[in-house]
Amino acid sequence: MISKIKTNFCGIEFKNPVVIASTDIGRSVENFEKFAKAGVGGIITKSVTDAAPLQSKGITMFDIRTIDGVPVDDCDTVPDNYYFFSRGGSMIAMEKFEETAKEILQIAKQYDVVPIASICASKIENWVAYAKRFEEMGYPMLELNLGNPHGEASKDKLGFKISQETDLCVEVASSVVNAVNIPVVAKLTPHVADLTVLTKALEQAGVKAVTVMHRYQGLVIDHETLEPVIGGYAAIGGPWMKPLSLANVAKVRNATSLEIMGSNGADSAQDVLDFIYAGAGLVQIGSSMMLKGVEYSRNLVAELEAFFDASEKTVSQLCGEVARKIISYKELNKISARKAVIDTEKCLQCADKPCLERCYYQALTPTGGTLVHDDDSCSGCGMCKAVCTYNAVRIEKI
Ligand SMILES: Cc1cc2nc3c(=O)[nH]c(=O)nc-3n(C[C@H](O)[C@H](O)[C@H](O)COP(=O)(O)O)c2cc1C
């Protein structure tokens, strides 16, 4: 029987589409082995860099909060949705990472996990030198960290400052593509006006795949001290980010032929599937793996395996399933208009009438103890249905 969860990305076999994103998990052999044993398909190493400010130990600061801004202070209170706000962890100098990188290759072979090397350099010659070194060691794939949100850490162009200059980004990517024979994946920032413009340019430059997308730069405020948490601008992410990332994945999928690694906001097995439906061939998970741990990643892979055992389709057959169905604003006109219909038996004429207050089209009028609905004014937006406590509204096509 063909394994439906197995997948091919840029010519490389992955036993499943779950990849641990480049994080502090990928900085040591011990971490790599723990997550490799848990059954993930690939693990990306921590970025190596030539930029001294990004190597400094002091920059590593994590702040984890509930979506309401309350600090998470024990493992049992990690909610499904959270903010992971961070500076660092510190990246590693290539020279210091070489031995670890070689040992990681052995572990990867032992557990049938694809090891992917991540690079974040500030000078073209170092992008190229590090890429060649990883290829010589035996790494089968490279990810270029062209999007990290700490790009202001140095006066040299780094991270998202590179993605923001299409020509520079293309220069870095094509220099590496021309220097090595292994597939090169460009990991991009969402901090650009239109990711499809950048990805089309990278496609022309010979890049075969992109990671969409790195984290945003954010600001979190401590309400007690009125201080910026962890000093100010830093990387922000969490499961709430998923819809933004999915939109970018689908846009790139529909605009280019590049293969895509989805990243930023995947937390559950369902999230992995959502990224696949949007057009990602592999899905990276970083924050949730770090925060929720090895057992969590084992369960996630098991859940995904159960899904694909029952599925009639493979990962690649499902890839882009939803992206294909996305309609443009122009095409919206082809969809028939809708209107709200009030079920007068279910409508209890409640005292506060949230539907009335929240109808911004003046389509509802209280008349003689009942609500009169004006079809002409109604936009069919569905707000009245959303706020009705008694399930007394349905939306119908006109
Ligand atoms: C603590 C931490 C360290 C990270 N380090 C790196 C890094 O060295 N290189 C890189 O490209 N991305 C790094 N990232 C970004 C992740 O790889 C990933 O793109 C991002 O967190 C969004 O995915 P997620 O929602 O699954 O976390 C790091 C993220 C976190 C939380």
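Just so it is clear, none of the values below were taken in a lab; they were calculated from the coordinates. Predicted model only: the values in this text are computed from it and were never measured. Ideal geometry is used to build each Cβ from the backbone, glycine not excepted, and the neighbour counts take in all protein chains shown.
Just a few scattered comments:
- Taking a point 7 Å out from the Cα of Leu348 in the direction of its Cβ, the residues of region 382-398 whose backbone N falls within less than 14 Å of it are 388-393.
- In this Cβ point-charge picture (+1 for Lys and Arg, -1 for Asp and Glu), the chain has a dipole of about 920 debye about its Cα centre.
- Computed from Cα positions, the angle between helix 195-204 and the longest principal axis of the chain comes to roughly 40 degrees.
- Stretch in the chain that is longest and holds no GluC sites (Glu not before Pro) that DSSP places in a loop and that have at most 15 other beta carbons within 10 Å: 1-151
- Eligible lysines near Lys346 by straight Cα distance, threshold 22 Å, same-chain separation 8 or greater: Lys385, Lys397
- Relative intensity, log₁₀ I(q)/I(0), of region 7-325 from a Debye sum that treats every alpha carbon as a point, q = 0.06, 0.10 Å⁻¹: -0.17, -0.50
- Estimated inter-spin distance, Asp80 and His223, nm [label 7 Å along Cα→Cβ]: 2.3
- FRET efficiency for Lys6 and Met137, using Cβ-Cβ distance with R0 set to 41 Å, rounded to 0.05: 0.95
- Helical mean residue ellipticity (222 nm; -39500 (n - 2.57) per DSSP H run of 4+; nearest 500) of the chain: -10000 deg cm²/dmol
- Average Cα contact separation per residue, region 330-397, under 8 Å, 6 or more apart, as relative contact order %: 48
- The residues neighbouring Lys37, those whose beta-carbon lies less than 12 Å from its own, together hold a net charge of -2 under the Lys/Arg +1, Asp/Glu -1 convention.
- Cα long-axis angle, helix 94-110 against the chain (0 to 90 degrees, to the nearest 10): 70
- Cα gyration tensor shape for region 216-311, rounded if a/c is under 1.5, else prolate or oblate: oblate
- Other residues whose C-beta falls under 14 angstrom from the C-beta of Asn248 contribute a net charge of +4, scoring Lys and Arg +1 and Asp and Glu -1.
- Within straight-line cross-link reach of Lys242, lysines at Cα separation under 19 Å, skipping those fewer than 8 residues along the same chain: Lys187, Lys251, Lys292, Lys325
- Taken over the alpha carbons of region 330-397 as equal point scatterers, the Debye sum produces base-10 log I(q)/I(0) values at 0.13, 0.24 Å⁻¹ of -0.34, -1.05.
- Full-stretch length increase - Val387, Lys109 - with 0.36 nm per residue and alpha-carbon distance subtracted: 94.6 nm
- Percent RCO, i.e. relative contact order, over the chain, from Cα pairs under 8 Å lying at least 6 residues apart: 15
- Distance from region 177-223 to region 282-316 (C-alpha centre basis), Å: 23
- Here's the list of lysines a cross-link from Lys57 could span, going by alpha-carbon distance under 16 Å and ignoring same-chain residues fewer than 8 apart: Lys46, Lys96.
- Isotropic mean projected area of the C-alpha convex hull, region 99-253 (nm²): 11.1
- Pairwise FRET efficiency - Thr367 versus Asn299, Cβ, R0 = 51 Å, nearest 0.05: 0.40
- When the chain is described by a simple charge dipole with +1 on each Lys and Arg Cβ and -1 on each Asp and Glu Cβ, the residue from Pro243, Cys10, Leu291 located farthest towards its positive end is Cys10.
- Cα long-axis angle, helix 269-278 against the chain (0 to 90 degrees, to the nearest 10): 90
- Counted residue by residue at 0.36 nm each, then reduced by the alpha carbon distance between them, the extension gain from Ile395 to Leu332 reaches 21.0 nm.
- Highest-fluctuation residue, Ala21, Ala323, Ala337 considered, GNM on the chain with Cα pairs under 10 Å: Ala337
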